[in-house]
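Input: a single structure, listed below in structure tokens.
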Amino acid sequence: MSLSQDDLIRLAKLSLLNFSEAELNALQPRLNQLTNVIAELASIDTQGAQPLIHPFDGTAPLRTDAVTEPDYRDQVLPLSANTADSHYVVPQVIEE
Amino acid sequence: MIEWETVIGLEVHVQLTTASKIFSGSSTAFGAEPNSQASLIDLGLPGTLPSVNRAAIEQAISFGLAIGADINQRSVFERKHYFYPDSPKGYQTTQNDEPIVKGGAIEIELENGERKTIRIHHAHLEEDAGKSSHEGFQGNSGIDLNRAGTPLIEVVSEPDMRSAEEAVAFARALYSIVTTLGVCDGKMAQGSLRFDVNVSVRPKGQEEFGTRTETKNLNSFRFMEACIKQEVARQIDVLEDGGNVVQETRLYNGDTHTARSLRVKEDADDYRYFPCPDIPPVVVSSEDIEALKAALPELPEARKARFVSEYELSNYDATQLTTERHTADYFEAVAKHCGDAKLAANWVLGDVAGMLNQQELSITDSPISAEQLGELITRIKDGTISGRIAKQVFDAVCESGKSPDAIIEEQGLKQVSDSGALEKIVDQVLADNPEQVEAFRAAEEHRQKRMFGFFVGQTMRLSQGKANPQQVNQILQEKLKG
């Protein structure tokens, strides 16, 4: 399996990453080394095998519906670089 | 000219009524200080693990049972990846391949009485995102994560609707079901129920669907109807001008009644779903499902049918009363108290609905209780007050909270049925209006009928609305004969 330049550009877009052409050129062979290793998995016969959702066979324990969490605002908001009026402030996020 | 057929499918986000979030013990209460209800789990901080809220699972199952769907006893939460600041984890925990509710159907009734079944593809559980505000942050956006992690079910319909009217009827029927079940508070202005509409058009008779667009986040039935009509007209224009409809996501602005393209979908969204390794599969037992089935309340369609047969209400009134569970409960309490379902329905759908609407209250916060309204209607029926005075008493009850009997007593509003007292008032009216009396007596019978109302009006006015109208009619008729 090998990734084309177009594949890389699409992956970068999905990951919200910007690369220069030089960076893409450097990245392409390195990523392809990785994908070649991953592609070996495709040689395994998985016919009829259920996907492994969790490493052990347990089921999710269910919690009683009750409010148990305190207000973390004073501890958590200061972790952000920019806040105002108890909001996290980020660059304008109206979609393109 | 080509005749076009509209095809509509809906995706509805139904906010559940749990006290805490789907994966954490944070409160879901609306209107709290920004970010005061976002815990370390909701924020996805390293080292935290989600734990699934039993009530959210149960509410989703109740919904599934109410629409006759299959309940997946084993459902799986997955991660849906996208980057947006209102989703702090970088993914939304949702269900994809194995949703909790599969299939099912909702019956709709159109205004002309026609019925139709709309199939449900599935309903899955997921967490809501936070909220972004774009104003007041100097060109930046402010993020409030209180809503992040609030449980939702997303109900996905099949593309079975063929007009805006059908889509609205479906939305209303769904609203009735979820509010009757109590799994959603139905507060649409607060975003408790949000609709995404998928619309396409095709030449009538063509089997293949046209290219569809998706308009997101409509939170009122009125906007939904207007938006669909507008989008259908736009698509037909594009096609008739020889163009192609582009598959895109659109955003409707309820203030300007216009929609704009948000993003064009060049290819299928790539959300890179995979099962959430933090949450093992959710498994529910047959016993739990049976217990939830046994606890289902009377559903809107059944209640409507019962209102028609038991109370002899019109289909229209029964529909209006059963759209929302609390309205139906209130009506039944009033009807039981006064023993007159028709009058009860008229008051609940008329004066009560008008007053609540004006004061922007829900029926559970009504300033007049069902018992008080029942008492008021009883006083009309037993002749203590006239219908006109009843409106005055109604307003006074709403304002003061006192009982109708107390207000009637305090304000001396009892209807005058004493014939001696009424005769005196009528005599006064006739004495004050000699010309009209003369004209009346000289007039032909068919004209007299029309002139009679004047004397009734004058008598009622002089009695300050307290005269018993039937008796006034009788006395006037006799006295006017001369």
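Throughout, read-outs are computed from the coordinates displayed, never taken from laboratory work. These figures come from a predicted structure and were not determined experimentally. Ideal geometry is used to build each Cβ from the backbone, glycine not excepted, and the neighbour counts take in all protein chains shown.
Observations, loosely collected:
- The charge dipole of chain B, taken about its Cα centre with unit charges on the Cβ of Lys, Arg, Asp and Glu (plus for the first two, minus for the last two), comes to roughly 740 debye.
- When each of B:Lys342/B:Lys391; B:Lys293/B:Lys342; B:Lys131/B:Lys187; B:Lys402/B:Lys466; B:Lys216/B:Lys293; B:Lys21/B:Lys131 is checked by Cα-Cα distance, pairs over 23 Å: B:Lys293/B:Lys342; B:Lys216/B:Lys293
- Whole-Hz Karplus values for the stretch B:141-152 come out as 10, x, 10, 10, 9, 4, 7, 4, x, 5, x, 10 Hz, taken residue by residue from phi with 6.51 cos²θ - 1.76 cosθ + 1.60 and θ = phi - 60°; glycine and proline positions read x.
- Take every pair of alpha-carbon atoms less than 8 Å apart whose residues are at least six positions apart; their mean separation over the length of chain B yields a relative contact order of 14 percent.
- When you count the other C-beta atoms within 10 angstrom of each residue and take the mean per peptide, B:465-475, B:8-18, B:372-382 line up highest first as B:8-18, B:372-382, B:465-475.
- Per-residue ³J(HN,Hα) for the stretch B:220-232, Karplus 6.51 cos²θ - 1.76 cosθ + 1.60, θ = phi - 60°, Hz, x for Gly and Pro: 8, 4, 5, 4, 4, 5, 4, 5, 5, 4, 5, 5, 4
- Span per principal axis, largest first, for the Cα atoms of the protein assembly as shown (Å): 113, 63, 53
- Label point distance in nm, A:Phe19-B:Lys449, each placed 7 Å from Cα along Cα→Cβ: 9.0
- Rounded tilt (10° steps) of B:325-338 against the dominant C-alpha axis of chain B: 20
- Rg [Å, one decimal], Dmax [Å, integer] - the stretch B:31-179, C-alpha atoms: 18.1, 58
- Listed residue (B:Ser133, B:Leu422, B:Ser400) projecting farthest to the positive dipole end of chain B, Cβ model: B:Leu422
- 22 Å Cα-Cα threshold exceeded, pairs from B:Lys304/B:Lys336; B:Lys414/B:Lys481; B:Lys80/B:Lys229: B:Lys414/B:Lys481; B:Lys80/B:Lys229
- Anisotropy class of the stretch B:301-401 from Cα gyration tensor, a/c 1.5 cut: oblate
- Averaged over the residues of A:68-81, the number of partner chain Cβ atoms lying within 10 Å of the residue Cβ comes to 5.
- 16 Å Cα-Cα reach of A:Lys13 towards aspartates and glutamates, excluding residues that sit fewer than 8 places from it in its own chain: A:Glu21, A:Glu23, A:Glu95, A:Glu96, B:Glu266, B:Asp267, B:Asp269, B:Asp270
- Average beta carbon contacts from partner chains per residue of B:71-77, 10 Å cutoff: 1
- Average other protein chain Cβ within 10 Å of Cβ, residues B:79-90: 2
- In chain B, the DSSP-assigned H stretches of four residues or longer account for a calculated mean residue ellipticity at 222 nm of -12500 deg cm²/dmol, using -39500 (n - 2.57) per stretch and the full residue count as denominator.
- Normalised by the number of residues in the stretch B:381-446, the average gap of Cα pairs under 8 Å and 6 or more apart makes the relative contact order 25 percent.
- Hull volume per residue, based on the alpha-carbon atoms of the stretch B:8-72 and their convex hull, is 142 Å³.
- Packing here is the average count of other Cβ atoms within 10 Å per residue, and on that basis the peptides B:95-102, A:14-21, B:275-282, highest first, run B:95-102, B:275-282, A:14-21.
- Protection proxy ranking of B:410-423, B:227-240 - average other beta-carbon atoms within 10 Å, highest first: B:227-240, B:410-423
- Fraction of alpha-carbon pairs over 28 Å apart in chain B - percent: 64
- Those GluC sites (Glu not before Pro) in the stretch B:96-136 that DSSP places in a loop and that have at most 12 other beta carbons within 10 Å: B:Glu111, B:Glu114, B:Glu135
- Against the rule of thumb 2.2 N^0.38 Å, how large the Cα Rg of the stretch B:327-471 comes out: 1.27
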